[in-house]
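Asker: Dropping a structure here in structure tokens format, bear with me for questions.
The values are calculated or read from the model by the stated rules, or taken from the named source; none is laboratory data. Not measured: the values here are computed from a predicted model. Ligands, DNA and RNA are stripped out before the accessible areas are found, and what is left, the full protein with its side chains, is counted by its heavy atoms. Shrake-Rupley method; radii C 1.70, N 1.55, O 1.52, S 1.80 Å.
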Amino acid sequence: MPVDGRELIEAISILADEHNVRVTVKQSGKGAIICAACCFAGGVLLGPAGLAIGGAAGGITAYKMTKGTFRPLGDVIINDLNDTQKEQLVQHVTNAVKDIHPTDLALLLPLIMNNQSIQTAVLKTVVSFVSSELRLQIID
């Protein structure tokens with residue numbers, strides 16, 4: 001019996017949410033640049049005290065600019081992946097757990113949701129897929 005891809009995607013999404021895995025939407029670098037620039041400007045203008053003031057101001061500015069750009073991985077999987085990417089993810093996860101040999105592939109979903117070692121294997125596979133195929137950075 002083949003694995004229902006839609007159900008597997010939902011299970012992966014639930015698993016990622018339970019483990020609070022989040023991804024950046026390419027904003028971390030931007031925040032770091034803003035923070036560094038403010039720190040530099042503060043240091044040039046006010047000396048050592050300016051470094052602290054500029055760093056704090058840059059940190060607050062970077063926070064405000066990047067707020068809300070860190071999203072749960074489950075949300076990204078459900079809403080942002082196209083059908084081809086979802087099929088690829090299902091294939092990667094199925095390959096990752098193929099050595100488990102469940103007697104019926106319908107048992108795969110409950111097995112993923114109830115077995116910690118399988119959850120770890122699935123999460124590693126999903127993180128690897130998201131990092132390499134989608135070029136998103138994982139925050140754990």
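Asker: When the helices in the chain are scored as -39500 (n - 2.57) per DSSP H run of 4 or longer and the sum is shared across all residues, what 222 nm value do you end up with, to the nearest 500 deg cm²/dmol?
Answerer: That calculation yields -22500 deg cm²/dmol at 222 nm.
Asker: For the chain, what does the equivalent ellipsoid look like in terms of its semi-axes, each the square root of 5 times an eigenvalue of the Cα gyration tensor, given largest first in whole Å?
Answerer: Working: eigenvalues 359, 34, 24 Å².
Semi-axes, largest first: 42, 13, 11 Å.
Asker: Averaged per residue, what accessible area in Å² does the chain show with a 1.4 Å probe, protein chains only?
Answerer: 59 Å²
Asker: For region 22-82, compute Rh as the Kirkwood radius over C-alpha pairs and then the Stokes-Einstein diffusion coefficient at 4 °C and 1.567 mPa s; write the answer in µm²/s, rounded to an integer. Kindly include the intermediate steps, with their values, before the conclusion.
Answerer: Values: Rh = 12.6 Å.
Answer from the Stokes-Einstein relation: 103 µm²/s.
Asker: Right, next: Computing the accessible area with a 1.4 Å probe over protein heavy atoms, can you report the carbon and sulfur percentage for the chain? Intermediate results must be reported in sequence, preceding the final value.
Answerer: On the way: 4860 of 8230 Å².
Here carbon and sulfur together make up 59 percent of the probe-accessible area.
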